[in-house]
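S.K.: Please see the structure below; I have some questions.
The values are calculated or read from the model by the stated rules, or taken from the named source; none is laboratory data. On a predicted model such as this, the values are computed, not experimentally measured, just so you know. All Cβ positions, glycine included, derive from the backbone under ideal geometry; neighbour counts span all protein chains shown.
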């Protein structure tokens with residue numbers, strides 16, 4: 001009898017299906033911590049709304065939305081992913097705004113055995129592996145590729161490349177010391193500052209700007225627009241700034 | 001088309017190595033356990049079966065923590081100049097681990113089904129223990145072992161979670177078919193994904209048909 005009630009409890013407990021007041025925000029991996037804080041702040045000013053955060057590489061989120069995933073807001077880490085969303089008819093173009101900017105940095109493990117002080121040092125034979133996001137689906141990988149191509153280093157570095165599924169995986173590989181160096185956003189490096197060292201800020205041909213938009217055809221359009229406005233408000237900016245994001 | 005063959009060749013290489021290792025390891029351990037009389041036997045058996053029920057990500061995490069450059073075993077191997085993370089050998093270890101219980105379970109059941117009287121008769125006729133194993137026990141258990149080995153090959157071929165964690169996603173080096181499909185889907189490259197999915201499906205059907213041909217009754221009965 002006890003076993004049966006335990007089983008019933010297991011089947012019924014835990015988070016249920018999305019309810020009407022759930023606002024699903026699909027945000028780039030680099031926004032993980034900042035948007036968690038933004039979501040909490042939004043919930044306190046908008047009681048009754050529950051912000052559900054869905055984080056992954058921007059292109060993965062875009063694919064989900066384009067294939068009909070019930071997201072309400074899309075925040076990506078570069079314009080390419082948002083442009084793809086526009087092309088796929090996945091977002092309401094009129095709601096597209098840039099809300100933050102970031103910097104690309106080169107990081108190494110804290111107790112690195114190989115000295116890397118600049119991107120040019122990645123050419124050394126002692127540097128065996130360099131982590132960055134897969135340029136085909138991860139914005140930080142696209143920024144990395146463009147920056148290294150500009151410096152004439154892409155051929156040399158990509159031969160040592162370990163492709164990560166999102167920016168936080170690159171960060172994790174460097175923090176564990178499995179790679180000799182990696183490219184992440186400045187805000188990501190801060191998350192693990194006790195395990196990785198930032199050795200250089202890498203100039204990118206295009207500035208790193210984060211766009212946000214309301215998903216086309218969402219049932220929560222008003223709430224989604226209100227969330228997007230909150231992200232761009234003074235309060236939203238302050239929270240983003242506390243995680244190292246700069247104004248767009 | 002060429003893009004699909006490199007991951008396929010790598011997947012086959014990894015799966016064949018993992019199967020070969022499991023054939024030796026799984027049969028040896030299964031034979032040992034089937035003859036071992038101890039209360040600890042069930043515990044050992046449970047631990048060896050764990051890879052079958054644990055999520056591959058859990059196994060991948062264990063492997064990464066153990067074999068990574070800062071892991072207990074990994075740091076020692078690194079001193080010797082051996083790095084397993086982000087190498088195809090790392091993928092072989094992941095595939096071997098997840099497929100091991102399939103060989104082990106099948107082989108143990110097969111050894112336990114061997115009539116002990118036949119082995120005793122061989123001993124009475126003057127055969128040494130090694131000869132009893134290779135000329136009596138092993139041939140009698142061969143059918144069951146073959147079934148397990150074929151399933152292990154299929155499992156190793158499709159391994160994804162633990163492989164991605166320890167071997168990473170290095171095109172041409174550790175990007176197996178499953179990982180390549182995942183990457184193509186994430187990048188929105190449906191054409192490549194569809195091609196590789198088709199290649200995988202055809203390969204698996206071919207393996208099953210081959211299994212049906214090679215393996216006697218026990219596997220044949222598993223065919224639809």
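S.K.: Pairs under 6 Å by beta carbon, first residue closer than 23 Å to residue B:198 by Cβ in the range B:1-26, partner loosely packed, with under 14 Cβ neighbours inside 10 Å, six or more apart or different chains?
M.R.: Note: pairs meeting the criteria are B:6/B:172.
S.K.: Give me a count of the residues in the range A:122-140 that are in a helix (DSSP H, G or I) and touching a residue at least 40 places away in the same chain (Cβ under 8 Å).
M.R.: Counting residues in the range A:122-140 that are in a helix (DSSP H, G or I) and touching a residue at least 40 places away in the same chain (Cβ under 8 Å) gives 3.
S.K.: Still on this structure, please answer the following. May I ask you to list pairs of residues, at least six apart or on different chains, whose Cβ atoms are under 6 Å apart, with the first in the range B:57-82 being without any contact (Cβ under 8 Å) to a residue 12 or more places away in the chain and the second being part of a helix (DSSP H, G or I) and buried (at least 19 other Cβ atoms within 10 Å of the Cβ)?
M.R.: Partner pairs satisfying both residue conditions: B:73/B:67; B:74/B:67.
S.K.: Ok, one more. Output the residue which, of all residues in the range A:126-147 that are out of contact with any strand residue (DSSP E or B) (no Cβ under 7 Å at 6 or more places or on another chain) and surrounded by fewer than 22 Cβ atoms within 10 Å (Cβ to Cβ), is nearest to residue B:87 (Cα to Cα).
M.R.: Within the range A:126-147, the match that is nearest to residue B:87 (Cα to Cα) is A:128.
S.K.: Restricting to the range B:168-186, count the residues that are more than 7 Å from every other protein chain (Cβ to nearest Cβ) and either more than 16 Å from residue A:135 (Cβ to Cβ) or at pLDDT 85 or above (or both).
M.R.: Adding up the residues that qualify gives 12.
S.K.: When the residues of the range A:27-63 are narrowed to those that are crowded, with 24+ Cβ neighbours inside 10 Å and part of a strand (DSSP E or B), which ends up nearest to the chain's Cα centre (by Cα)?
M.R.: A:28
S.K.: Ok, one more. Filter the range B:107-133 down to the residues that are surrounded by 12 or more Cβ atoms within 10 Å (Cβ to Cβ) and not in a helix (DSSP H, G or I), then identify the one that is farthest from the chain's Cα centre (by Cα).
M.R.: The residue in question is B:127.
S.K.: Restricting to the range B:79-96, name every residue that is crowded, with 21+ Cβ neighbours inside 10 Å and assigned to a loop (DSSP other than H, G, I, E, B).
M.R.: Of everything in the range B:79-96, those that are crowded, with 21+ Cβ neighbours inside 10 Å and assigned to a loop (DSSP other than H, G, I, E, B) turn out to be B:84, B:85, B:86.
S.K.: Filtering the range A:67-85 down to residues that are without any contact (Cβ under 8 Å) to a residue 40 or more places away in the chain and closer than 27 Å to residue A:188 by Cα, which residue is nearest to the other protein chains (Cβ to nearest Cβ)?
M.R.: Once the filter is applied, the top-ranked residue is A:84.
Residue by residue, here is whether (1) within 25 Å of residue A:51 (Cα to Cα); (2) exposed (fewer than 14 other Cβ atoms within 10 Å of the Cβ); (3) outside the structural domain of residue A:223 (by TED's automatic domain parsing) holds:
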position: A:67; (1), (2), (3): yes, yes, no
position: A:75; (1), (2), (3): yes, no, no
position: A:87; (1), (2), (3): no, yes, no
position: A:94; (1), (2), (3): yes, yes, no
position: A:111; (1), (2), (3): no, yes, yes
position: A:124; (1), (2), (3): no, yes, yes
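S.K.: Identify, please: which residue in the range A:44-54 is touching a strand residue (DSSP E or B) at 6+ places or on another chain (Cβ under 6 Å) and without any contact (Cβ under 8 Å) to a residue 60 or more places away in the chain and is, among those, farthest from the other protein chains (Cβ to nearest Cβ)?
M.R.: Keep residues of the range A:44-54 that are touching a strand residue (DSSP E or B) at 6+ places or on another chain (Cβ under 6 Å), which gives A:49-54.
With without any contact (Cβ under 8 Å) to a residue 60 or more places away in the chain added as a condition, the list becomes A:50, A:52-54.
On the way: A:50: 28, A:52: 21, A:53: 19, A:54: 15 Å.
Checked the range A:44-54; the qualifying residue farthest from the other protein chains (Cβ to nearest Cβ) is A:50.
S.K.: Any idea which of A:177, A:217 is part of a loop (DSSP other than H, G, I, E, B), at positive phi and crowded, with 17+ Cβ neighbours inside 10 Å?
M.R.: A:177
S.K.: For the structure I just gave you, tell me whether residue A:138 is within 12 Å of another protein chain (Cβ to nearest Cβ), farther than 24 Å from residue A:62 by Cβ and under 18 Å from the mean Cα position of the chain (by Cα). Outline the logic, then answer.
M.R.: Numbers: within 12 Å of another protein chain (Cβ to nearest Cβ): yes; farther than 24 Å from residue A:62 by Cβ: no; under 18 Å from the mean Cα position of the chain (by Cα): yes.
Against the criterion (within 12 Å of another protein chain (Cβ to nearest Cβ), farther than 24 Å from residue A:62 by Cβ and under 18 Å from the mean Cα position of the chain (by Cα)), residue A:138 does not qualify.
S.K.: Considering only the range B:51-61, I want to know if a residue exists there that is closer than 30 Å to residue A:163 by Cβ, in a loop (DSSP other than H, G, I, E, B) and away from every other protein chain (no Cβ under 14 Å).
M.R.: Within the range B:51-61, one or more residues are closer than 30 Å to residue A:163 by Cβ, in a loop (DSSP other than H, G, I, E, B) and away from every other protein chain (no Cβ under 14 Å).
Here is a yes/no grid of residues against (1) in contact with a strand residue (DSSP E or B) (Cβ under 8 Å, 6 or more places away or on another chain); (2) at pLDDT 95 or above; (3) outside any helix (DSSP H, G or I):
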| position | (1), (2), (3) |
| --- | --- |
| B:38 | no, no, yes |
| B:42 | no, no, no |
| B:46 | no, no, no |
| B:66 | no, no, no |
| B:73 | no, no, no |
| B:77 | no, no, no |
| B:100 | no, yes, no |
| B:135 | no, no, no |
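S.K.: Here is a follow-up. In the list A:176, A:123, A:142, A:129, which residue meets the criterion of being modelled with pLDDT of 95 or more and farther than 30 Å from residue A:86 by Cβ?
M.R.: Checking each option against the conditions leaves just A:123.
S.K.: If you don't mind, another one. With respect to residue A:167, determine if the residue is out of contact with any helix residue (DSSP H, G or I) (no Cβ under 8 Å at 6 or more places or on another chain), in contact (Cβ under 8 Å) with a residue 24 or more places away in the chain, under 24 Å from residue B:87 (Cα atoms) and buried (at least 23 other Cβ atoms within 10 Å of the Cβ).
M.R.: No; evaluated as a whole, the condition is false for this residue.
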